[in-house]
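Notes follow once the structure below has been shown.
The values are calculated or read from the model by the stated rules, or taken from the named source; none is laboratory data. Please read all numbers here as calculations on a predicted model, not as lab measurements. FYI the Cβ positions are ideal-geometry reconstructions off the backbone, even for glycines, and counts take in every protein chain you see. SASA here: full protein model, heavy atoms, side chains in, ligands and nucleic acids out. Shrake-Rupley method; radii C 1.70, N 1.55, O 1.52, S 1.80 Å.
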There are 2 protein chains.
Amino acid sequence: MTPRQNRPTINQVAAAAGVTKSSVSRAFTRPEMLSPETVRKISAAAERLGYVPNHSARALSTGRHGNIALIVPDVANPFFPPLISAAQSEADRFDYCVFLGNSNEDPGQEDKLIGRFAGQVEGFVLVSSRLSDDQIVEHAARRPVVLINRDVKGIPRILIDSAAGVAEAVSHLATLGHRKLVYVGGPHGSWSNKQRRIAVRRAAKDHGLEVAVISNEFAAFESGRKITAAALATGATAAIAFDDLTAQGMLAELADMGVAVPADFAVVGCDDVLGAATYPPLTTVSNRSVEAGKAALNLLMEILQNNAIRDVRYVLDTNLVIRKTTGQVKAGKRSEAALGSDANRARN
Amino acid sequence: MTPRQNRPTINQVAAAAGVTKSSVSRAFTRPEMLSPETVRKISAAAERLGYVPNHSARALSTGRHGNIALIVPDVANPFFPPLISAAQSEADRFDYCVFLGNSNEDPGQEDKLIGRFAGQVEGFVLVSSRLSDDQIVEHAARRPVVLINRDVKGIPRILIDSAAGVAEAVSHLATLGHRKLVYVGGPHGSWSNKQRRIAVRRAAKDHGLEVAVISNEFAAFESGRKITAAALATGATAAIAFDDLTAQGMLAELADMGVAVPADFAVVGCDDVLGAATYPPLTTVSNRSVEAGKAALNLLMEILQNNAIRDVRYVLDTNLVIRKTTGQVKAGKRSEAALGSDANRARN
DNA sequence: CCTTGACATGCAACCGGTTGCATCTGATGG
DNA sequence: CCATCAGATGCAACCGGTTGCATGTCAAGG
C-alpha cells in the first residue's frame, strides 16, 4: 500500500561494494576513517546504484534532521519575502532545508506551527513573532530559537533598529517646518511598532513637535486608506506610517481626496519595501531585512554547531531614505496644527 | 554530543499506561482497534508525559513523511507569496508541513533543491518551473509532482490561462484606437510568457493590429524601466507587459521621460499583483494565484491519498481589469505606428 | 622474532516508531 | 459443556541508517 520507491539502501551499496554497511555509512560521514581505496570503491558503487542516504533514518539515529523552520506572520507582506529568500540562500550553504510557516498574524496558529515542525527541525527562526515572551522562552528551552525583530532577554535575536531612521525622519520633517506629526501604528504584538512609536515620540519631543498616535491593527494598503481621514483630522501636517504598505494606502487615499503630497501633507513610510515604485516615490526608513535573514540563519547555524546558546542581541541600524513625499510645509499649514486633535486615539 | 532532547518515547508512555508499545502506537494511528478504555488510559498517560510521536521514526517505518515541498522561482516576486500562503493554508488542513524552495530562476538550483528535499517529502508542487520537460518527467517518476503554470503532458498541472485576459486586453486596446502594440516579454523558460506572447500575437491578428515583441529576461521593476525606451522606439502606442512589475517599471520610466499615460502611451500589466497601488492605477490581467495554490495542494493530496496519478489539466480563466493606464489614442498617434520598427527584437 | 600499537573494518545494538501474526480472553451457539 | 470465533493485546521483526567496541592486519620498535 505504501508507495515506497525502491531507492537503494545502504545495505545494497554495501553488498555491491563488498563491505558492510558500517563502512558505507562511514564513507559518507567520516571518510577519513577509511582507506582511500575503500572510499573510492564505495563511492563508485553508490554512484552506480544512485544511492542517496535516507533522511529519516539518519535523523532517527543521530537526532539531527538538517532542517530548520522559518515562521513569519504574513508571507504576502512584502517585508518578508526578501528576508525569506536571504535566509534560504544561507541555509542552502549549510545544506539545510527550510520549512516555511505562515502564522497569519495569529499567535495560536504560530504556536501550532511550531508544534508541527518541532519534531523535524533542529531550530527555529521566528520573524516578528506574535507569541508572548513566555511562550517564546518555553519553546526556546526545547529547541534553539533565533528571533528577528523581537527583543526577549536570553534568546538570541536580530533587531532592525528602525528607531534611528525614524528619528531621522522626525528631524527631517522638523527641518521642513512641520509642527505636528501623526504616527500611524501597526499590529499590536509587533516589537517594531512599539519601537517606532516610541522613537517618534522621543524625537518629536527633542524637536519640540506635537505628536498624535493612531492605532491601526492590520498593516496593509487598504487599512492605510481607511485610516487617512482620521490622520488628517488630527491636524498634523505629516504622517509617519508603521510601514510602506500603510503609507502607500494613505498616498492613494490622499490622491483621491485631492490632498497634494507633499505640498499639503507629507508621508513617510517605513521598511523601504516598495523602492521608488510608489507615486510620488516614498520617503521611507531603510530596511535591513536581507541582512537580518542572513544573520539570523548564520547565528542559528553557529548555535547548532557549538551547541551553546549565547545571549546575542545583534542590532542593525537604519537610516532615512528621502524621496518625494516629504517637503517644505506651506505657509498656512503650520497654524492649523493646533486644531482638530480630538480624533486622536493615542496608546502608549 | 548530539543535543537530543529528552522527549518521552512510545516506550515510556507504554510503561506508564501498563501496555506495550504496539498498543500505544495503535492508540494514535488506529484507535478503533483498541478498547475504548485502553485508548483512554493511553491518551491520559501520553498527555501527562507530554508525548509527541517522533516524526522521523514514523516516516522511517511508514514511508510517509507528512511533508511536501513547494518550489518557486523567486519568493520576492509578488506573484508568488499569495500563492505560497494559500498552498500553506491548505497543507495545514491536512496536517502537512511545507518546505519552501527558492530556485532563483535557475534550473540548476531548482534541480538541486528537489534533490535535497526528495528524501523527506511525499510530493512536490513546482510553480513556474524552469526545468526542462524531461527533467520534470524524470522527477515525477520518482515522486508525485503537481505543476503550476507549466504544461507537461502526463503531469498533473494547474494552469492560469492568462491568454483570455490578454486577448481581452488586445481587444480593449483595439477599441481604443491603437494600431500597433508591443509585447514586453518575461523569462525564457516561463510557460506563462510563451502563452502570453502567443495570445497577444493571435488576438492582434484577429483585430488587424501590428505587434512588436521585445524580450526581457528578468521580470522586475528595474528591467521594466530599462526596456521602456526600446518599447517606445518600436512605434507602438501601447505596451502589454509580461507582468505588473515590468509594467510598473515602465510607468516610472515613462513618467521620468515625460510621456503621459495613458494619453501618449498605454500600458497593460499582467497578474494584478499590485492592485490599484500603482500610479496611475494599472490596467492589468487578473490573477488566480491563490486559487492555483489551493488547487495544486488539493490535487497533490488527492494523488497521495489515492496513490494514483491522473493526468489532470486544470485551467483557471482570467480577465482584463481595466483601471487607468489605458485610454483613447490621441489623433496624431495612429500614423506614427508605421515608423521606427527597427528596434524590434522579435522572437518567436 | 615477538610485542605493541595504529589503522581499517566488521559486529551488533540502538534510534522510535509500525505492523503481520500469535496468543489470550470471553461470549456465543450447538 | 465444549468448539468456535471475534475482539483485544502482545511479540518480534522491520524501516535505514549510526556508532561504540571488538577483531584483524601490518609495520615499527625492542
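Taking a 1.4 Å probe, which of B:Thr9, B:Thr228 shows the most accessible area, and what order do the others take after it?
Largest accessible area first, the list is B:Thr9, B:Thr228.
Please work out the ratio of the alpha-carbon Rg of segment B:114-153 to 2.2 N^0.38 Å and round it to two decimals. Could you put the intermediate results ahead of the total?
Values: Rg = 9.5 Å, N = 40, 2.2 N^0.38 = 8.9 Å.
Rounded to two decimals, the normalised Rg is 1.06.
Tell me the accessible surface of A:Glu138 in square angstrom (1.4 angstrom probe, heavy atoms of protein chains only), to the nearest ten.
That residue has around 110 Å² of solvent-accessible surface.
Which percent of the Cα-Cα distances in segment A:156-281 go past 22 Å?
Percentage above 22 Å: 27.
Roughly how much of B:Lys21 is accessible, in Å² to the nearest 10, using a 1.4 Å probe?
Accessible area of B:Lys21: about 110 Å².
Please report, in debye to the nearest 20, how large the charge dipole of segment A:10-54 is about its Cα centre when each Lys and Arg carries +1 at its beta carbon and each Asp and Glu carries -1 there.
Working: 6 positive and 3 negative charges, 13 e Å.
Dipole about the Cα centre, nearest 20: 60 debye.
Just the accessible area per residue of chain A, please: how many Å² with a 1.4 Å probe?
It amounts to 42 Å² per residue over chain A.
For A:Val315, list long-range residues whose amide hydrogen, built 1.01 Å from N in the peptide plane, is under 5 Å from its own amide hydrogen.
A:Leu159
Provide the percentage of antiparallel DSSP beta bridges, counting only those with both residues in chain A; round to the nearest 5.
That works out to approximately 5 percent antiparallel.
Could you run the Debye sum over the Cα atoms of segment A:47-184, one equal point scatterer each and no solvent, and tell me log10 of I(q)/I(0) at q = 0.15, 0.22 Å⁻¹, two decimals?
With no solvent term, the Cα-only Debye profile gives -0.82, -1.35.
In straight Cα distance, which aspartates and glutamates are under 12 Å from B:Lys294, not counting same-chain residues fewer than 8 positions off?
B:Lys294 reaches B:Glu90, B:Asp92.
Can you give the relative contact order of segment A:10-54 as a percent, counting alpha carbon pairs under 8 Å and 6+ residues apart?
41 percent
What aspartates and glutamates could a cross-link reach from A:Lys180, if we take a straight Cα to Cα line under 17 Å and drop same-chain neighbours fewer than 8 places away?
The qualifying aspartates and glutamates are A:Glu168, A:Asp206, A:Glu210, A:Asp264, A:Glu336, A:Asp342.
Let me cross-check B:His207: its accessible surface, 1.4 Å probe, with only protein heavy atoms counted, in Å² to the nearest 10?
The accessible area comes out at roughly 80 Å².
Find which of B:Ser56, B:Leu299, A:Ala87 sits farthest along the positive direction of the dipole of the protein assembly as shown, computed with +1 on the beta-carbon of Lys and Arg, -1 on that of Asp and Glu, about the Cα centre.
Checking the options against the dipole of the protein assembly as shown, the answer is B:Ser56.
Which distance in nm do the two modelled labels at B:Ile322 and A:Val52 give, with both placed 7 Å along the Cα-to-Cβ direction?
Calculated label separation equals 5.1 nm.
Once the other residues with Cβ under 11 Å from the Cβ of B:Pro82 are scored (Lys, Arg +1; Asp, Glu -1), what is the net sum?
Surrounding charge for B:Pro82 is -2.
Could you please report the charge total around A:Thr318, scoring K, R as +1 and D, E as -1 over all other residues with beta-carbon less than 12 angstrom from its beta-carbon?
-4
Given a 1.4 Å probe and heavy atoms of the protein chains only, how would you sort B:Tyr51, B:Tyr279, largest accessible area at the top?
B:Tyr279, B:Tyr51
Mean Kyte-Doolittle hydropathy of -0.5 or higher plus an axial Cα length of 15 Å or more: which whole DSSP H helices in chain B meet both?
On the way: long enough: B:36-49 (20 Å, -0.36); B:80-93 (20 Å, -0.24); B:107-118 (16 Å, -0.70); B:162-175 (19 Å, 0.84); B:191-207 (24 Å, -1.59); B:221-233 (19 Å, 0.35); B:244-257 (19 Å, 0.39); B:289-306 (25 Å, 0.48).
Within chain B the helices that satisfy the rule are B:36-49, B:80-93, B:162-175, B:221-233, B:244-257, B:289-306.
Could you give the dipole magnitude of segment B:199-254 about its Cα centre, charging the beta-carbon of Lys and Arg +1 and that of Asp and Glu -1, in debye to the nearest 20?
Working: 5 positive and 7 negative charges, 36 e Å.
That gives a dipole near 180 debye.
Give me the residues in segment A:272-289 whose solvent-accessible area, probe 1.4 Å, is reduced by at least 30 Å² once all protein chains are included instead of the chain isolated.
A:Ala277, A:Tyr279
How much of the accessible area of segment B:1-44, probe 1.4 Å, is carbon plus sulfur, in whole percent?
Taking all protein chains in place, segment B:1-44 shows 52 percent carbon and sulfur surface.
How many square angstrom of accessible surface are buried between B and A, both sides summed, with a 1.4 Å probe and rounding to 100?
Buried surface at the B/A interface: approximately 4100 Å².
Which residues of segment B:134-148 end up with at least 20 Å² less accessible area in the presence of all protein chains than when their chain stands alone, using a 1.4 Å probe?
Residues meeting the cut-off: B:Arg142, B:Arg143.
Can you give the calculated 222 nm mean residue ellipticity of chain A, where each DSSP H run of n ≥ 4 adds -39,500 (n - 2.57) and the sum is split over every residue, rounded to the nearest 500 deg cm²/dmol?
After summing the helix terms and dividing by residue count, I get -14000 deg cm²/dmol.
Ignore the peptide's own chain and count Cβ atoms of other chains within 10 Å of each Cβ in B:54-67; give me the average, rounded. Walk me through the intermediate numbers first.
Details: counts 5, 10, 13, 6, 3, 8, 8, 4, 4, 7, 3, 3, 3, 5.
Counting Cβ atoms of other protein chains within 10 Å of each residue's Cβ and averaging gives 6.
Compute the Kirkwood hydrodynamic radius of segment A:10-54, taking the inverse of the mean of 1/r over all pairs of distinct Cα atoms, and give it in Å to one decimal.
Taking every pair of different Cα atoms in segment A:10-54, averaging 1/r and inverting gives 9.9 Å.
Would you calculate the convex hull of the Cα atoms in chain B and tell me its volume per residue in Å³?
About 164 Å³ per residue, rounded to a whole number.
May I ask you to find the residues of segment A:75-97 that are shielded by at least 10 Å² of accessible area once the whole protein assembly is considered instead of their isolated chain (probe 1.4 Å)?
Those are A:Val75, A:Ala76, A:Pro81, A:Pro82, A:Ile84, A:Ser85, A:Gln88, A:Asp92, A:Asp95, A:Cys97, which lose 10 Å² or more relative to the chain on its own.
Hey, which aspartates and glutamates would be in cross-link range of A:Lys153, C-alpha to C-alpha under 17 Å, not counting anything within fewer than 8 residues on its own chain?
Excluding near neighbours in sequence, the set is A:Asp133, A:Asp134, A:Glu138, A:Asp161, A:Asp311.
Quick one: net charge around A:Gln109, please, counting Lys, Arg +1 and Asp, Glu -1 for every other residue with C-beta under 12 Å from its C-beta.
-3
Give me the one-decimal nm value for the distance between modelled label points at B:Ile309 and A:Ala308, 7 Å along each residue's Cα-to-Cβ direction.
5.0 nm
Determine the relative contact order of chain A: mean sequence separation of Cα pairs under 8 Å and six or more apart, normalised by residue count, in whole percent.
For chain A, the relative contact order is 17 percent.
Starting from the coordinates of the alpha-carbon atoms of the protein assembly as shown, obtain the Kirkwood hydrodynamic radius over all distinct pairs and give the value in Å to one decimal.
So the Kirkwood estimate lands at 27.8 Å.
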